[in-house]
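Report on the following structure.
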Amino acid sequence: MSYTCTAFATPVTGTAKVHLTHVFATLQTGQPDQKPEDIAACRKQVSSVNSRYLGIPVNTRYSIDVQALMMSASSMLPSPHATKPVMLTIKLAPLGIAGQYAFGAFRPSALPNNYVLFSIGTDFKGAKSSILVLNEGKAFNCLVSSDASPFNGGLSEKLGVDQK
């Protein structure tokens, strides 16, 4: 009887820190809203005292086992409410988007009117974080991202999920 020794790859773990520096207006479908007035309204909204996302740092810890495709991630960010200076931790779920490792939380309990998204390349470079602020009763939502072109990848299709 012979025994074979199987080498188990350890998961790749890491932390990515990015700043949310870009603001976009999105339609309810997740597509970009090109109206300058909607983009200006979003910029004002995500810079306000009760919805401060623009310029904040987002730290994401991830663990990815590329062989077993087991992965987890959590993003830490300051509360968007200036009156509550606490750090929030949002657990993210894998999104299964080809060509990248992508994670998201849709309406997490700590931020029930938001989506929190994170992606990193298969080479573990190019980390990106985004927060979609849902605007009930408006034709557009506001996306704040570390990515200058968030609508060019597979993650953009997730922006249209369950928007209201």
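Each reported figure results from applying straightforward, stated rules to the coordinates on display, with no laboratory input. The structure displayed is predicted, hence computed values, not measured ones. In this analysis, Cβ positions are derived from the backbone assuming ideal geometry, glycine residues included, and neighbour counts consider all displayed protein chains.
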- [ ] Would you please give the residues with an amide H less than 5 Å from that of Ile56, counting only those at least 5 places away or on a separate chain, with H modeled from the backbone geometry?
- [x] Leu20
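Size of the dipole of the chain about the Cα centre, Lys and Arg at +1 and Asp and Glu at -1 on the beta carbon, nothing else charged, in debye to 20? Intermediate values should be presented prior to the final figure.
On the way: 14 positive and 9 negative charges, 88 e Å.
Here the size comes out at about 420 debye.
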- [ ] With runs of 4+ DSSP H residues as the only contributors, calculate the mean residue ellipticity of the chain at 222 nm using -39,500 (n - 2.57) per run, divided by the residue total and rounded to the nearest 500.
- [x] -2000 deg cm²/dmol
Open item on the list: Only Cα pairs within less than 10 Å get springs; with that Gaussian network setup on the chain, which residue of Ala105, Ala41, Ala25 has the largest fluctuation?
Closed with: Ala41
Task: For the range 47-61, 3J(HN,Hα) per residue [Karplus equation, 6.51 cos²θ - 1.76 cosθ + 1.60, θ = phi - 60°, Hz, x = Gly/Pro] - done: 10, 6, 4, 9, 8, 7, 10, 4, x, 6, x, 10, 9, 10, 9
Task: Per-residue HN-Hα couplings for the range 89-103 [Karplus 6.51, -1.76, 1.60; θ = phi - 60°; Hz; x = Gly/Pro] - done: 10, 10, 6, 10, 9, x, 9, x, 9, 4, x, 6, 9, 10, 9
Task: Distance in nm between pseudo-label sites at Gln34 and Ser149 (7 Å out along the Cβ direction from Cα) - done: 1.6
Task: Lys/Arg +1, Asp/Glu -1 at C-beta; the chain dipole; positive extreme among Val12, Ala73, Leu54 - done: Leu54
